[in-house]
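Trainee: Structure in structure tokens, see below.
The values are calculated or read from the model by the stated rules, or taken from the named source; none is laboratory data. For clarity, every value in this text was computed on a predicted model and none was experimentally measured. Just the protein is used for accessible areas: all its heavy atoms, side chains included, with ligands, DNA and RNA removed. Shrake-Rupley method; radii C 1.70, N 1.55, O 1.52, S 1.80 Å.
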Amino acid sequence: MIGAQDLDGNPRLTNLVVDMGCYEAFVPLMISSRPPSNPSATNANLNGWLLSEGNGNADVYVFWGPADGQSNMTAWANTNHLGVSPVGLLTTNVTLSPAIRLYYYRYY
């Protein structure tokens with residue numbers, strides 16, 4: 001790295017430490033749940049968003065049910081494995097029990 005420069009032309013080494021700079025910062029994988037769409041008495045689209053740097057693929061699950069199981073997969077009434085998904089919008093349609101009016105869900 002001696003003599004190397006970053007994209008702005010600044011030295012890569014500062015006190016023998018490589019400066020990664022803003023162009024090379026690592027952004028961890030992030031996933032979030034978004035508001036559901038097209039809800040009806042019997043089904044709804046559960047939406048989420050996947051954000052990542054790098055290849056942008058992640059093994060994605062959505063948990064849902066009448067109680068919020070937080071990030072504990074076994075605490076949810078339903079678990080759907082969506083497989084490896086690219087970054088961007090996530091959506092899956094689920095069938096709801098008409099007797100239950102309130103559902104929780106979480107993408108993981």
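Trainee: At 1.4 Å probe size, with no ligands or nucleic acids counted, give the accessible surface of T95 in Å², nearest ten.
Mentor: Per-residue accessible area (T95): approximately 100 Å².
Trainee: Long-range amide H contacts for L82: which residues qualify at under 5 Å (H placed 1.01 Å from N, peptide plane, sequence gap of 5 or more or a different chain)?
Mentor: V60, Y61, V62
Trainee: Quote the accessible area belonging to V87 in square angstrom, nearest 10, computed with a 1.4 Å probe and with ligands, DNA and RNA left uncounted.
Mentor: Surface open to solvent at V87 totals about 70 Å².
Trainee: Continuing with this model, one more query. Pull up all non-local amide H partners of L90: gap of 5 or more, or a different chain, and H-to-H distance under 5 Å with H placed in the peptide plane.
Mentor: G48, W49, L50
Trainee: Kindly identify the range 49-108 as rounded, prolate or oblate by the Cα gyration tensor criterion: order the square roots of the eigenvalues as a ≥ b ≥ c, call it rounded if a/c is under 1.5, otherwise compare a/b with b/c, prolate if a/b is larger, else oblate.
Mentor: Judged from the Cα gyration tensor, the range 49-108 comes out prolate (a/c at least 1.5, a/b above b/c).
Trainee: Name the residue, out of P98, P11, P35, whose mean-square fluctuation peaks in a Gaussian network model built on the chain with Cα pairs under 10 Å.
Mentor: Largest GNM mean-square fluctuation: P11.
Trainee: May I ask you to evaluate 6.51 cos²θ - 1.76 cosθ + 1.60, the Karplus curve with θ = phi - 60°, for each residue of the range 63-73 and list the ³J(HN,Hα) values in order in whole Hz, giving x for glycine and proline?
Mentor: Coupling constants for the range 63-73: 9, 7, x, x, 10, 7, x, 6, 9, 8, 4 Hz.
Trainee: If only Cα atoms are counted, what is the Rg of the chain, and what is its Dmax, in Å?
Mentor: Computed over the Cα atoms of the chain, radius of gyration and Dmax are 20.6, 69 Å.
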